[in-house]
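The values are calculated or read from the model by the stated rules, or taken from the named source; none is laboratory data. Keep in mind that what you see is a predicted model, and the values were worked out from it rather than measured. Heads up, the Cβs are rebuilt from the backbone with ideal geometry, glycines too, and the neighbour counts pull from every protein chain shown.
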Protein chains: 2
Amino acid sequence: MIDKHGFMKCISCNSTFDIDQNLIVCPKCGGLLEIINEKEIDIKRLKGKGVWRYKDFIPGNYKKIVSLNEGNTPLIKSRKFENLYFKFEGLNPTGSFKDRGMTIAISSAATLGYKIVVAASTGNTAASASAYSARAGLKTILFLPKGKVAKGKLFQSILHGAHIVEINGNFDEALDKVKKLFNKNKDVYPVNSFNPWRLEGQKTIAFEIFEEIGNPDFVIVPTGNAGNIYAIWKGFKELEKSGLIEKIPKMIAVQSSGSSPIADYIIGKKKKIEFVENPETIATAIRIGKPVNYMKAIKAIEDSNGYAIKVDDKEIIEGQKELAREEGIGVEPASASTIAAYHKLLNNGYLNKYDKGVLILTGHALKDPNILFEEDSYSISSNDIEVFINKLKI
Amino acid sequence: MIDKHGFMKCISCNSTFDIDQNLIVCPKCGGLLEIINEKEIDIKRLKGKGVWRYKDFIPGNYKKIVSLNEGNTPLIKSRKFENLYFKFEGLNPTGSFKDRGMTIAISSAATLGYKIVVAASTGNTAASASAYSARAGLKTILFLPKGKVAKGKLFQSILHGAHIVEINGNFDEALDKVKKLFNKNKDVYPVNSFNPWRLEGQKTIAFEIFEEIGNPDFVIVPTGNAGNIYAIWKGFKELEKSGLIEKIPKMIAVQSSGSSPIADYIIGKKKKIEFVENPETIATAIRIGKPVNYMKAIKAIEDSNGYAIKVDDKEIIEGQKELAREEGIGVEPASASTIAAYHKLLNNGYLNKYDKGVLILTGHALKDPNILFEEDSYSISSNDIEVFINKLKI
């Protein structure tokens, strides 16, 4: 069944195609595809909760829906900042925003009759692919950079029964393996974010934000492989086209200073992106030197009159503590980059405190429980309780 | 302001009191209090999402609401069993059902002007108390059994800035410390489940289940300190009193065979509960030998014509794998006890496959990432991919 309410377009060679779920990359040049949904978002038609609430506005034909009730995540108002909200994507079923895209991708794979799903991952995609594949009764093969995946994420992949290939190399090299395998073996379905169907699920982050607080002024997104910032922009773009919002919020990418090809391009006003060969950062989820979706991310940033910013590991750890200790929200390091970015953008005047905005908190703190804080003040002796309480009261 | 739509009653001496948020235990005998809500649940008055959607039916006066948008968790339909649903409480903000009660307890503490919150914990209460206290700007003191708290949970408590007292003893001894401290120091607010206000938040699990699937036939609840099974029963009881359901679902407690005082009492038809001095089980969240709420739990089980059942650690691990690999849901061991119990109850004829029921999955897999599975079949060599794919296809 061909979906007539949209089309697909290659961002490299500009070829266009009818909506076809079998297409993952451009059949002409191998470039990335965009899925253009031309169906107007009609709020009155929305039913249910989560990603599939918006199914009428997600192109494709889903005979088998593989869902864990993903999406419908909390939008938490900041306690410290009047006009700031946190979209807590860590409360998706496997603990990260990846589940929103995975439900679409794995539903496509199951509908099309695939039996084997493959992914490269810094960890969150691995956990999500493993869980959704398991639910669909499919097999999962993961390419993971050896020793570079946060403990919680590796544990999830094993728990959900994935088959793991450890790569002596970083994420970018793992992703190359997936691309090569996909090119020569038509039995495997790839669920990395070069798969545009995944981004159709992730765009629902924008729809949920809109339904709760209307039209924000800005959105800050941790940016690694760079699919999510594009997906969220795409969601707002569709809301704008449907006449539901007046302007696209400024899309702001935050990257770690050890892994910042997109921020360097935007801030440096470079003519060409320069990839980072050996990305390093404590924020493993965005430790990606060659973002596969960089063209899409740059389009989102430029179209929305947005920006990009770098934060270092120290700022990320401080941000993680700030969110946990002042807002009560536990996130993994990549997500904490957003609050560090917000402070910087307030300080440099790019944002002001009256701007209404959302930080996308992409993953839960429990994903990466290995960060140790230097202070040991948390530990107190049983004998000193009364003295300690008197000190606390002051 | 006195809430006239209910009263409080001691389950030990039967004294009754007006609704008073200052009361945590019976002022006459020190026994546990029940909070009786006499306001009929009116579905038309419900607004918003999560625990506070039901605020009109939660006694007490909350001038300060401390919330992370807890509740509103997925009710996931089983892929294998036609009439079975999973209430995935692991998707609360700190990864367990404890957040539902904590938002009420910490809102009470903040409303009443407390500055210091105390809790004993096997880990999940610690994580939740730390996060909500942080959000309220209060200090947290935790009593934790040394070496007995799952890694993720300890990490969360540190991340959220709690002050930790490690006890050379088990949870029951840690809880004794909290009770003693609470008796002699009126500056601390205790948030363990002997605090009946917490259970008022937890009862909303029943309300959410009802709003999605109506009246289930049974509910299986992992049972440690035994507050949750009572709280969920209480929610259904209020729905029944409001004329919204016809019968209370059978409340079924599942305990680990190394820590099963309530199951032993129910199954053995004993006259008196016998506590377990040295409880042992892989399911740390229910490793509790002296359940403080055992009287409430037994009331819930008996009133609902329910049951209790024991499962061993091997069955729990098998259950964890089954949920992860066949349903796609990652839970901590205590939660996995429910699917092991369901199998046993189907096999022994207590339940049949036409009974509509819900398993309460209390905590996320990421809470306890230390379980290792013996098989190493998950790891495959990069060179064997094609061979491996061909094997998978068969």
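Worth a mention:
- When B:ALA109 is tested against (1) crowded, with 21+ Cβ neighbours inside 10 Å; (2) more than 12 Å from every other protein chain (Cβ to nearest Cβ); (3) without any contact (Cβ under 8 Å) to a residue 60 or more places away in the chain, only condition (3) is not met.
- Any hit, segment A:27-40, residues being buried (at least 19 other Cβ atoms within 10 Å of the Cβ), farther than 19 Å from A:ALA300 by Cα, of a type outside the set (Gly, Ala, Ser) and under 23 Å from the mean Cα position of the chain (by Cα): no
- Residue count, segment B:316-326 (criterion: crowded, with 21+ Cβ neighbours inside 10 Å and either of a type in the set (Asp, Glu) or more than 14 Å from chain A (Cβ to nearest Cβ) (or both)): 0
- Residue identified as farther than 25 Å from B:THR94 by Cβ, surrounded by 20 or more Cβ atoms within 10 Å (Cβ to Cβ) and either among the small types (Gly, Ala, Ser) or within 13 Å of chain A (Cβ to nearest Cβ) (or both) among B:SER304, B:SER337: B:SER304
- Residues (more than 16 Å from A:SER337 (Cα to Cα) and out of contact with any strand residue (DSSP E or B) (no Cβ under 7 Å at 6 or more places or on another chain)) located in segment A:209-235: A:PHE210, A:GLU211, A:GLY214, A:ASN215, A:GLY227, A:TYR230, A:ALA231, A:LYS234, A:GLY235
- Failed condition for B:PRO145, given (1) farther than 24 Å from B:GLU200 by Cα; (2) in contact with a Pro (Cβ under 6 Å, 6 or more places away or on another chain): (2)
- Single residue of segment A:143-184 satisfying the filter (more than 18 Å from A:ASN195 (Cβ to Cβ) and among the charged types (D, E, K, R)) that is surrounded by the most Cβ atoms within 10 Å (Cβ to Cβ): A:LYS153
Conditions (1) assigned by TED's automatic domain parsing to the domain that holds A:ASN347; (2) in contact with a strand residue (DSSP E or B) (Cβ under 8 Å, 6 or more places away or on another chain); (3) closer than 28 Å to B:ALA131 by Cα; (4) modelled with pLDDT of 95 or more, marked per residue:
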site: A:TYR265; (1), (2), (3), (4): yes, yes, no, yes
site: A:LYS271; (1), (2), (3), (4): yes, no, no, no
site: A:GLU274; (1), (2), (3), (4): yes, no, no, yes
site: A:ARG287; (1), (2), (3), (4): yes, yes, yes, no
site: A:ILE298; (1), (2), (3), (4): yes, no, no, yes
site: A:SER304; (1), (2), (3), (4): yes, yes, no, yes
site: A:TYR307; (1), (2), (3), (4): yes, yes, no, yes
site: A:ASP313; (1), (2), (3), (4): yes, yes, yes, yes
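- Single unsatisfied condition, B:GLU70 versus (1) out of contact with any Asp or Glu (no Cβ under 6 Å at 6 or more places or on another chain); (2) surrounded by 15 or more Cβ atoms within 10 Å (Cβ to Cβ); (3) acidic (Asp, Glu): (1)
- Count of residues meeting criterion [of a type in the set (Asp, Glu), assigned to a loop (DSSP other than H, G, I, E, B) and in contact (Cβ under 8 Å) with a residue 24 or more places away in the chain] in segment B:5-51: 3
- Residue check for B:THR125: away from chain A (no Cβ under 11 Å), part of a helix (DSSP H, G or I) and surrounded by fewer than 23 Cβ atoms within 10 Å (Cβ to Cβ): no
- Segment A:174-185: number of residues that are within 11 Å of chain B (Cβ to nearest Cβ) and either out of contact with any helix residue (DSSP H, G or I) (no Cβ under 8 Å at 6 or more places or on another chain) or modelled with pLDDT under 90 (or both): 4
- Qualifying residue in segment B:205-225 (condition: crowded, with 24+ Cβ neighbours inside 10 Å and without any contact (Cβ under 8 Å) to a residue 40 or more places away in the chain): yes
- Residue match in segment A:369-381 (condition: within 9 Å of chain B (Cβ to nearest Cβ), modelled with pLDDT of 85 or more and under 18 Å from A:ILE282 (Cα atoms)): yes
- The single residue among B:LYS148, B:LYS153 that is under 20 Å from B:ASN92 (Cα atoms), more than 8 Å from chain A (Cβ to nearest Cβ) and modelled with pLDDT under 95 turns out to be B:LYS153.
- Each residue in segment B:74-103 was checked for being surrounded by 24 or more Cβ atoms within 10 Å (Cβ to Cβ) and assigned to a loop (DSSP other than H, G, I, E, B), and 6 pass.
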